[in-house]
Amino acid sequence: GLAWEPYFRAAQKNIEQYHFRVLYDKNAKTFLQYRYDKKRYHVPNKIATIVEMLYLYYDFTQEKNLLSIIQQSVNYIISLQDPTFGGIYQTEAKKHLITFYIARCIPALFLHYQRSGYEPALQAALSARDFILSMKLKEGGFAFGYLLEQGQWKKYIYPVFIAGAGDILRA
């Protein structure tokens, strides 16, 4: 019974004036994180959240140009997937494989597969899932992830993801 139009207009304004004017990177054809320092990164879990948002927005607007932006964003996420581990790097620096952030990518990859039939998105989601399952601890919870230190991958157990387990389980 709520009037939905004011909520939609607020979301539309946010998407058009912030996501596309501030965060969208025309060169990479995907989204950047907010500027915390001088270097702005493309962060797959944040891109994945935007992909989910754009699908909701598309459902209201039917703006066909959103589908190519979604596809390019999904391709960017997939491009940051490690072929050995199956995890998705935290940024293009390729130095962090963090369980919680990888889990945040899976629903968007799977949603894109459901909507488009794009098989690489499904394969990326399944590989990321396998990585996450490898991080489950026998005591419960999930290990933090892997960090590249002096050319070697080091697995970090702590902090164990308990609070973030909801997103991990959703994935």
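Could you go through the stretch 96-105 and let me know if any residue there is of a type in the set (S, T, N, Q), under 15 Å from residue 128 (Cα atoms) and without any contact (Cβ under 8 Å) to a residue 60 or more places away in the chain. Talk me through it step by step, then tell me what you get.
As a first pass, look at the stretch 96-105 and keep what is of a type in the set (S, T, N, Q): 99.
Add one more test, that the residue is under 15 Å from residue 128 (Cα atoms), and what stays is 99.
Within this subset, residues satisfying the condition of being without any contact (Cβ under 8 Å) to a residue 60 or more places away in the chain are none.
There is no residue in the stretch 96-105 that is of a type in the set (S, T, N, Q), under 15 Å from residue 128 (Cα atoms) and without any contact (Cβ under 8 Å) to a residue 60 or more places away in the chain.
Could you tell me whether residue 54 is aliphatic (A, V, I, L, M) and surrounded by fewer than 15 Cβ atoms within 10 Å (Cβ to Cβ)?
Working: aliphatic (A, V, I, L, M): yes; surrounded by fewer than 15 Cβ atoms within 10 Å (Cβ to Cβ): no.
Taking the combined requirement at face value, the residue does not satisfy it.
Please tell me if residue 118 is of a type in the set (Ser, Thr, Tyr), closer than 19 Å to residue 75 by Cα, open to solvent by 60 Å² or more (accessible area, probe 1.4 Å) and in contact (Cβ under 8 Å) with a residue 40 or more places away in the chain.
Numbers: of a type in the set (Ser, Thr, Tyr): yes; closer than 19 Å to residue 75 by Cα: yes; open to solvent by 60 Å² or more (accessible area, probe 1.4 Å): yes; in contact (Cβ under 8 Å) with a residue 40 or more places away in the chain: yes.
Yes; evaluated as a whole, the condition is true for this residue.
Can you tell me which residue within the stretch 32-51, out of those that are closer than 21 Å to residue 12 by Cβ and modelled with pLDDT under 95, is least open to solvent (accessible area, probe 1.4 Å)?
32
If I filter the stretch 85-95 for residues that are among the small types (Gly, Ala, Ser) and part of a helix (DSSP H, G or I), do I get at least one hit? Let's see the steps before the verdict.
From the stretch 85-95, those among the small types (Gly, Ala, Ser) are 86-87, 93; that's our starting set.
Remaining after also requiring part of a helix (DSSP H, G or I): none.
No, the stretch 85-95 contains no residue that is among the small types (Gly, Ala, Ser) and part of a helix (DSSP H, G or I).
Every residue in the stretch 1-39 that is within 22 Å of residue 103 (Cα to Cα), in contact with a Phe, Trp or Tyr (Cβ under 9 Å, 6 or more places away or on another chain) and assigned to a loop (DSSP other than H, G, I, E, B), please.
Hits for the stretch 1-39 are 32, 33.
The values are calculated or read from the model by the stated rules, or taken from the named source; none is laboratory data. Please read these numbers as outputs of a predicted model, since none were measured by experiment. We place every Cβ from the backbone using ideal geometry, glycine too, and count neighbours over all the protein chains shown. Side chains are part of the model used for accessible areas, which takes the heavy atoms of the whole protein and leaves out ligands, DNA and RNA. Shrake-Rupley method; radii C 1.70, N 1.55, O 1.52, S 1.80 Å.
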